[in-house]
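A short write-up of the structure that comes next.
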Amino acid sequence: MTSSAEAQNSDRAARVADEAPGPAPEPRLPEGAAGGLWGSGMPRWLPRAMVLALVLVGLFQLADWAFHQLIDLFVMLLVAFFLSLALEPAVDRMAARGVRRGIGTFLVFVAVGIAVIGFLAALGTLLVDQVAKIAGDLPHLVDSLINWVNRTFHQDVSLGELQKKLLKDSGAIESYAQQAADNVWGLSSTVIGGLFQAFTVGLFTFYFTAEGPRVRRTVCSMLPPAKQGEVLRAWEIALAKTGGYLYSRALLAVVSAIGHWVMFALLDLPYAAALAVWVGVMSQFVPTIGTYLAGALPVLVALTVQPVDALWVLIFVVVYQQVENYLLHPRITARTVDVHPAVAFGAVIAGAALLGAVGALIAIPAAATLQGFVGTYVRRYEVATDPRIDRGEQRRARRELRREAARRLRRMVGGDGR
């Protein structure tokens, strides 16, 4: 009995011990988090993220390097595109009459090339003749300059002293001549590079002009139908504005050349026709400073003939510029393109800052295209009459009313019944 009771008590005690709660289990750390922040390893996504970041940086560097290497090509393509916009209307007219676009483009290129070569030949002949004339008259001009300096500034300068100073500085002159001789190869390479760029621009211009419909079809084929109409409308705006701008400038250049040729012929200037063509082309196709460059050459030529003629040339250039600005230019450009002078000036500055001389040349056609695009797509609203908009107009209207009242009062006082 006693042994059986003890056995039962021991079994009960064992069951109680088994049911009693034991010590709390130790918390398990995340895998790999036992040694520091990242433990013995790193997250599985981090190596892939680092590799992806390095690949993206490498691709960006490669794209940046490729862009800087190809920026000259992009500029030539941009110039060729704007030239093709200017030439395509003439090719379209020839194609409408049954001429193949390739032949029409070739004929237009030949006409433009003849005009450019003729202009350069006339200008080159003028410059060579004038340089030779100045070189022949140089001793007389130097004597006249020395006498003027002595009379004006009460000096006693002689030609012999100037020769001694030149001989004294002959070492510097020789070093400059040697440096110029060393730069002949660099100048030659620059000329060759310029000719290659001109050939490239001409080639792309020919393809853009001759294959204009195919180029537009190719561009539209990569766009959804809803966007194709918008692209073609923008293309037509660029075509109309660029062609209209260049054609209006060409017409203004012809009128300017004829007017200046008549004036130069009356003054009996040498190479009057070449000088007139120079003034017409430079004043119309070189933005901002073209007018001043155009008038400087005939003034200098007139100085070699008769100083009074130089004054007459300067007066005529200034007067004609005002007539062109306020009479000819608005009438000729009214049906083609009309860019505000402030917009044109700002466009030239922006184009020169972005692309240099090329940007300055294509800035105004680009601004005209953008202006036409904005005028087509930007919605405009009717503006209510408000004196705060145009205060000068309101004051002018009140002044006119006062003048009319004063006139009526004078007629009443004078007995005029009308």
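The values are calculated or read from the model by the stated rules, or taken from the named source; none is laboratory data. Since the model is a prediction, treat every value here as computed from it, not as a measurement. Here the Cβ is made from the backbone with ideal geometry for all residues, glycine too, and neighbour counts use every protein chain on show. Surface areas here come from the heavy atoms of the whole protein model, side chains and all, with no ligands, DNA or RNA. Shrake-Rupley method; radii C 1.70, N 1.55, O 1.52, S 1.80 Å.
Observations on the structure shown:
- For residue 74, the solvent-accessible surface computed with a 1.4 Å probe is close to 90 Å², ligands and nucleic acids excluded.
- Ordering 241-254, 401-414 by mean Cβ neighbour count within 10 Å, with the highest value first, yields 241-254, 401-414.
- Accessible surface of residue 237 - all protein chains present, 1.4 Å probe, nearest 10 Å²: 20
- Solvent exposure of the range 203-327, expressed per residue, is 52 Å² of accessible area, with all protein chains present and a 1.4 angstrom probe.
- Alpha-carbon Rg/Rh ratio, for the range 223-298, with Rh computed the Kirkwood way: 1.31
- Remark: the range 241-253, residue by residue, has Karplus-estimated 3J(HN,Hα) of 5, 5, x, x, 5, 5, 5, 5, 5, 5, 5, 5, 5 Hz, where x stands for each Gly or Pro and the curve is 6.51 cos²θ - 1.76 cosθ + 1.60 at θ = phi - 60°.
- Couplings 3J(HN,Hα) of the range 312-323, computed from phi: 5, 4, 4, 5, 5, 4, 5, 5, 5, 4, 5, 4 Hz, in residue order, whole Hz [Karplus 6.51 cos²θ - 1.76 cosθ + 1.60, θ = phi - 60°; x for Gly and Pro].
- Net charge, residue 210 excluded, C-beta distance under 12 Å - Lys, Arg +1, Asp, Glu -1: 0
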